[in-house]
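Bear in mind that the values in this text are calculations on the coordinates, not laboratory data. Nothing here was measured: the structure is a model prediction, and the numbers come from that model. All Cβ positions, even for glycine, are placed from backbone atoms using ideal geometry, and neighbour counts span all protein chains on display.
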Amino acid sequence: MSNSKIWVPPIKIQGIKTKIVPLIQQAVICDEDTVWVEPFMGSGVVGFNIAPKHAVFADTNPYLIAFYQAIQRGEITSVNAREFLEAEGAKLAVLDDEYYYEVRNRFNQYHDPFDFLFLNRSCFNGMIRFNKKGKFNVPYGHKPKRFAKAYITKICNQIEHVEMLLKVNNWHFIEQSFEKTISEAVENSFVYCDPPYIGRHVDYFDSWDETQEKVLHDALVSYGGRFMLSTWDHNTYRRNEYVYSLWSDCFKTTKEHFYHVGAKETNRNAVLEALLTNYEPKVLIPDEETVGTGEQMKLL
Ligand SMILES: C[S@@+](CC[C@H](N)C(=O)[O-])C[C@H]1O[C@@H](n2cnc3c(N)ncnc32)[C@H](O)[C@@H]1O
């Protein structure tokens, strides 16, 4: 199911968990019969690397879901993505930001998954952000030879890997809110949640507040099966109070992580990432720490 090399997916997102995947791989409990449920899939890097046989990947961002559904239907392939990126990359090389903004306008009108890929791989820092009217508004990420041959090959290899995963596994991609995804989770599921981080600046498709954090907690409790929540524990300036109140009955495994993306100086500092689980995880990496009683939520 899991392997040691961490594989990076074709769509990027701020808050991507690539660096924490090895720790998550050790701490999850997922066998051949488990249904992996990921209500906040984002880039999908976590589930794609766990590579479960059965999975539900959901998100409220319709464009992420549409992109993977298009691969699943064979409408996006590593072959036609190469043709598209070569053609569009050539226009970008001539017209530069003027062409980027032309594609951005086109995407905001027609929502073509190919344009979503193009924007995601040429915008500033691979961010996904929308304005209040729902328009994608990330500026151009200036770089000479933005779609160089090697870069296109890298993206197409990433798409090819997804194609392979979709062939051998039973995966579903659904655009829906986390409440619905968790309420539909069957008994033998493992629910991995990575919501926008409470109390930190976020710019995804939807915002996140205390009410949603509580709704998420209640949804996970009433689901009753095993779950893991990714959140932040503390940075130099403050701690995440919800870890010590709302989620205090969970086991906590922590790992230091450095975020590069963030407009504010305070968001660029090292953050201690926390994995909260309702079971005691078996974590082998020596410098990780697992604490907690898990009294109220413990399953085992
Ligand atoms: C922190 S990102 C997930 C990152 C992902 N684990 C990764 O490594 O790439 C949070 C995701 O939650 C989604 N989201 C925000 N509010 C949501 C909601 N109410 N229901 C479902 N998904 C939501 C966002 O669109 C975003 O893709």
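Results, tabulated for the structure shown:
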{"item": "For the chain: span of alpha carbons on each principal axis (Å, largest first)", "result": "61, 44, 37"}
{"item": "Helix 210-223 vs. the chain, principal-axis angle (Cα, 0 to 90°, nearest 10)", "result": "60"}
{"item": "Max mean-square fluctuation residue, GNM over the chain, Cα-Cα springs under 10 Å, options Leu275, Leu64, Leu216", "result": "Leu216"}
{"item": "Sparse-neighbour loop sites [trypsin sites (Lys or Arg not before Pro); the stretch 55-100; at most 11 other C-beta within 10 Å; DSSP]", "result": "Arg73"}
{"item": "The chain - share of DSSP beta bridges that are antiparallel (%, nearest 5)", "result": "55"}
{"item": "Using alpha-carbon coordinates, inclination of helix 62-72 to the longest axis of the chain, degrees", "result": "80"}
{"item": "Between helix 97-110 and the chain: long-axis angle, C-alpha atoms, 0 to 90°, nearest 10", "result": "70"}
